[in-house]
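Inspection log for the structure reproduced underneath, given as structure tokens.
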Amino acid sequence: MNTPSEFALSRRDLLKLGAGSASVIAIPTAMADVPGAREPARAPVVEKVNFRVNGKKQSLQLDTRVTLLDALREHLQLTGTKKGCDHGQCGACTVIVDGRRINACLTLAVMHKGAEITTIEGLGSPDDLHPMQAAFVKHDGYQCGYCTPGQICSAVSVLQEIKDGIPSHVTGDLQAGATLSAEEIRERMSGNICRCGAYSNIVDAIEDVGGKRA
Ligand code: FES
Ligand code: FES
């Protein structure tokens, strides 16, 4: 015969029982009938993506989940654009799309059908450097170089933004527009991280090119 203590539920038993009941309730009836059943995997959705990259027409068949960064690096072998964090935090993947700099890791390639995309390879070549590339060399604006393609694409866009009168958080007079200053450059380049700490030389390079343009 069972003693009262054998029937008594401990607090631990009660919690186990509660958790078990909850999981039974959470399983949809149809699936609960089939032991080990899982939802069937969905086939990837593939779309044709046409855009121009560095002045050249490109046509790719891409899984709609492919980022612009992976499309450039893995499908077009344009590995100048770097993958740093893949989370929009470092700026290493910066490219210029329809005149605006963006983080290529934060956007899907399929969202840029028909776009004009410029990567570091499209700005200049070893024999014919873009002025910003030449200024980075002149001012030692890099050490390991991993962040440099993103820094240069950003820097080119920064000068255009200032020229177009687009204000930043440190622009004092919104009517007069931004002027080229170290403060403006630092603020606008704050999305591009350099682990080697080449920041002051990067600012020098941008000021050099901006000054020449002015
Ligand atoms: Fe895109 Fe870091 S790799 S922001
Ligand atoms: Fe090395 Fe910027 S030069 S991370």
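The values are calculated or read from the model by the stated rules, or taken from the named source; none is laboratory data. Here the structure is a predicted model, which means the values were calculated and not measured. Here the Cβ positions follow ideal geometry from the backbone for every residue, glycine too, while neighbour counts run over all protein chains shown.
Just the residues that are of a type in the set (Gly, Ala, Ser), away from ligand 2 (no atom under 14 Å from the Cβ) and touching a helix residue (DSSP H, G or I) at 6+ places or on another chain (Cβ under 7 Å), please, taken from segment 132-147. Listed by number, the list holds a single entry, Ala135. Look at segment 80-107: where a residue is more than 10 Å from Cys153 (Cβ to Cβ) and a partner is acidic (Asp, Glu) and away from ligand 2 (no atom under 16 Å from the Cβ), sitting 6+ places away or on another chain with Cβ atoms under 6 Å, you get Asp98/Glu116. Quick one: would you say Val95 is assigned to a strand (DSSP E or B), at pLDDT 95 or above and closer than 29 Å to Glu187 by Cβ? Criteria met by Val95. Looking only at residues of segment 164-203 that are of a type in the set (Asp, Glu) and out of contact with any helix residue (DSSP H, G or I) (no Cβ under 8 Å at 6 or more places or on another chain), we find that the one that is nearest to Asn103 (Cα to Cα) is Glu187.
Looking only at residues that are surrounded by fewer than 23 Cβ atoms within 10 Å (Cβ to Cβ) and more than 18 Å from His112 (Cβ to Cβ) in segment 87-96, which one is farthest from ligand 2 (Cβ to nearest atom)? Across segment 87-96, the extreme among qualifying residues is His87. Within the set Val137, Val170, Val156, the sole residue that is surrounded by fewer than 16 Cβ atoms within 10 Å (Cβ to Cβ) and in contact with a Ser or Thr (Cβ under 9 Å, 6 or more places away or on another chain) turns out to be Val170. Each residue in segment 140-152 was checked for being more than 16 Å from ligand 1 (Cβ to nearest atom), surrounded by fewer than 15 Cβ atoms within 10 Å (Cβ to Cβ) and under 23 Å from the mean Cα position of the chain (by Cα), and 1 of them qualify.
Scanning segment 192-203 for residues that are surrounded by 15 or more Cβ atoms within 10 Å (Cβ to Cβ) and away from ligand 2 (no atom under 12 Å from the Cβ) returns a single hit, Val203.
Conditions (1) aliphatic (A, V, I, L, M); (2) at pLDDT below 95; (3) more than 20 Å from Gly91 (Cα to Cα); (4) part of a loop (DSSP other than H, G, I, E, B), marked per residue:
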| residue | (1), (2), (3), (4) |
| --- | --- |
| Tyr142 | no, no, no, yes |
| Gln151 | no, no, no, no |
| Thr171 | no, yes, yes, yes |
| Ala178 | yes, yes, yes, yes |
| Glu184 | no, no, no, no |
| Glu187 | no, no, no, no |
| Asn192 | no, no, no, yes |
| Gly197 | no, no, no, yes |
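Considering only segment 53-69, I want to know if a residue exists there that is assigned to a helix (DSSP H, G or I), modelled with pLDDT under 55 and on the phi < 0 side of the Ramachandran plot. Among the residues of segment 53-69, not one is assigned to a helix (DSSP H, G or I), modelled with pLDDT under 55 and on the phi < 0 side of the Ramachandran plot, which makes the answer no. Here segment 187-202 is the region considered, the condition is being farther than 12 Å from Val170 by Cβ and over 16 Å from the mean Cα position of the chain (by Cα), and the residue that is nearest to ligand 1 (Cβ to nearest atom) is Arg195.
Yes or no: segment 178-186 includes at least one residue that is crowded, with 21+ Cβ neighbours inside 10 Å, within 16 Å of ligand 1 (Cβ to nearest atom) and under 21 Å from the mean Cα position of the chain (by Cα). Looking through segment 178-186, none of the residues is crowded, with 21+ Cβ neighbours inside 10 Å, within 16 Å of ligand 1 (Cβ to nearest atom) and under 21 Å from the mean Cα position of the chain (by Cα). Tell me yes or no: at least one residue of segment 153-166 is of a type in the set (A, V, I, L, M), within 26 Å of Gln89 (Cβ to Cβ), more than 16 Å from ligand 1 (Cβ to nearest atom) and assigned to a loop (DSSP other than H, G, I, E, B). For segment 153-166, residues of a type in the set (A, V, I, L, M), within 26 Å of Gln89 (Cβ to Cβ), more than 16 Å from ligand 1 (Cβ to nearest atom) and assigned to a loop (DSSP other than H, G, I, E, B): present.
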